[in-house]
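S.K.: Before anything else, here's the structure in question.
Quick note: the coordinates plus some simple rules give every number you see, no bench work behind them. Keep in mind it's a predicted model, so treat the numbers as computed, not measured. Here Cβ is always computed from backbone atoms with ideal geometry, including for glycine, and neighbour counts include all displayed protein chains.
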Amino acid sequence: MAQKIADAVVCVFPHSVSGALTPQEAFAPENIRALYSLTKEQYEAVFGPEKPAGPKFEHYVRSGQKLLRCGYTTGTCAALGAAGAARLLLTGHAPESVALRTPKGIVVEVAPLYCRPAGAGAECAIEKDGGDDVDVTTGLPVIAAVELLPDTTEIRISGGKGVGRVTKAGLDQPVGEAAINHVPRQMIAEALQREAESACYTGGFAVTISIEGGEEVAKRTFNPHIGVEGGLSVLGTSGIVEPMSQQAILDTIQLEMNQAALLSVSPTPFINTFAGSARAKAADRPGVTKGKQWVSTEKFDLLDMPGVLWKKFDSKTIASNLAFIGSIKDDILDVEELAMNLLDEVRRNYPDLVAQRYKLDAETLALPPYELLEAIGRKRGLLVRGGEVNTERCAIMLVDEFRACKWGRISLERPPQRDDLADFAEEDDE
């Protein structure tokens, strides 16, 4: 902890006291050996061999009068590891360092902990670096195990030991999938495609992401509460960790509210859990919350309000909108038809959001719904043997991303326009 939050460290030796040291100086191997009178062999027996000096990520943000070093996300680690393992398989040489440009536009270059053959493929481990952020995942090895799939162009990404599984709706990935969010998946795919192009390789890859110690560390995070069990999430929208940010907490609140909306349940249980006690009245029946309830925590004020339930609906538009947001059970719907109708509806009123989300040009955006579904699936690499698009998987991805608010700020209902109001007036006159 002192390495993360201290400005200076003083070491007390048996017969003396050091001056004020920086955390880097205090925890340097030579200082630890002097502090505990250890030989090099004794030090390595306890802490492992000293790591060779490699590229250090140097990007800073200002917080008050201090400069704080940024780190990089588990998603960036996974993509770097996948690139390193693929390079070993395709060239026969383990890289001394791997680099990529993050979605934020910042280049990260690091030396792998190791990059070695493993079974039918190779594995590469990247140490997670949270910079000056107080991050429980800092120091954990994020390992990418890669195998070549020469008979397909598909990139298959799965989660191994230490990576959690999604157990609740409303998260970035569908229930049952490994908790590797869509941006890290895209970063992994792009990193592998760059390695393939450099080596003139035209096949696909199978990638398994693991996090050593992830299952134990996940117990000290929000993961079990928000619906990720058995390990950590592979996260990151920018690829960069900015220290001392409350954004992670705010993102967690947003996920909880998404889940409450998708399950048509009250947010009251979440508010009580977040506050640490039963501060708002809740029960397993509707109508308990009859008015506004403010609950204050150390950093946030949360407002619980009564919900509104539909009595009935006989409009096709209303039925479609309820299906889009998940208020009608998916198992009674055709998911591909649902996704095509959703695309058709949203691109009519929010074409820029759909085009930006899936990197579509105007010509592609104007395609018929099924062809548009195929085009998006092809861009996301959702292919099966023979290069055909797995349209069912693409449809599930589209619906899940829409429900997780990944498309942006969208309203499925719009106020009546003047012509509509005139029609209503004519109907009333009749």
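S.K.: Between GLU58 and VAL17, what is the label-point separation in nm under the 7 Å Cα-to-beta-carbon projection?
M.R.: 3.4 nm
S.K.: Under a point spin-label approximation (7 Å from Cα along Cα-to-Cβ), what is the THR364-ALA120 distance to one decimal in nm?
M.R.: That separation, rounded to one decimal, is 3.1 nm.
S.K.: Another question about this same structure. Counting only residues 5 or more places away or on other chains, whose amide H sits under 5 Å from the amide H of SER233 once H atoms are built in the peptide plane?
M.R.: Here GLY164 satisfy the definition.
S.K.: Got a sec to turn the phi values of the stretch 30-35 into Karplus ³J(HN,Hα) couplings, 6.51 cos²θ - 1.76 cosθ + 1.60 with θ = phi - 60°, whole Hz, x for Gly and Pro?
M.R.: Values, residue by residue: 5, 6, 5, 5, 5, 5 Hz.
S.K.: Now a separate question. Just to check I understand the Karplus step: with θ = phi - 60° and J = 6.51 cos²θ - 1.76 cosθ + 1.60, what whole-Hz values come out for the stretch 198-213, glycine and proline as x?
M.R.: 5, 9, 6, 9, 10, x, x, 9, 10, 10, 10, 9, 10, 10, 5, x
S.K.: Summarise the long-distance tail of P(r) for the stretch 50-147 by giving the % of C-alpha pairs beyond 24 Å.
M.R.: 23 percent
S.K.: On average, how much area does the Cα convex hull of the stretch 62-221 cover when viewed from any direction, in nm²?
M.R.: 10.4 nm²
S.K.: Structure shown: which of LYS104/LYS406; LYS104/LYS359; LYS219/LYS359; LYS292/LYS406; LYS128/LYS379 lie over 26 Å apart, alpha-carbon to alpha-carbon?
M.R.: Where the Cα-Cα span goes over 26 Å, the pairs concerned are LYS219/LYS359; LYS292/LYS406; LYS128/LYS379.
S.K.: Take the Cα gyration tensor of the stretch 126-252, multiply each eigenvalue by 5, square-root it, and list the three semi-axes largest first, rounded to whole angstrom.
M.R.: The equivalent ellipsoid of the stretch 126-252 has semi-axes of 27, 17, 13 Å.
S.K.: Moving to a separate point now. Sorted from fewest to most neighbouring beta carbons within 10 Å, what does the list ARG357, ARG348 look like?
M.R.: ARG348, ARG357
S.K.: Calculate, in nm to one decimal, what VAL46 and SER320 gain on full extension: separation in residues at 0.36 nm each, minus their alpha carbon distance.
M.R.: This chain segment gains 92.5 nm when fully extended.
S.K.: Here is a follow-up. Given a Förster distance of 30 angstrom, what is the FRET efficiency for LYS66 paired with SER296, based on the Cβ-Cβ distance and rounded to 0.05?
M.R.: FRET efficiency, LYS66 to SER296: 0.55.
S.K.: Also, I was wondering about something else. Cβ under 12 Å from PRO368's Cβ, PRO368 left aside: what net charge do those residues give with Lys, Arg +1 and Asp, Glu -1?
M.R.: Once positives and negatives cancel, what remains is -2.
S.K.: At R0 = 22 Å, how high is the FRET efficiency between ASP344 and ARG165 if r is their beta carbon distance? Nearest 0.05 is fine.
M.R.: 0.10
S.K.: Let me ask another. So what are the ³J(HN,Hα) numbers for the stretch 402-409, from phi and the Karplus equation (6.51, -1.76, 1.60; θ = phi - 60°), rounded to whole Hz, Gly and Pro as x?
M.R.: 4, 5, 8, 6, 7, 7, x, 7
S.K.: What FRET efficiency would be calculated for the residue pair SER198, LEU149, taking the C-beta separation as r and a Förster radius of 25 Å, to the nearest 0.05?
M.R.: The formula returns an efficiency of 0.90 here.
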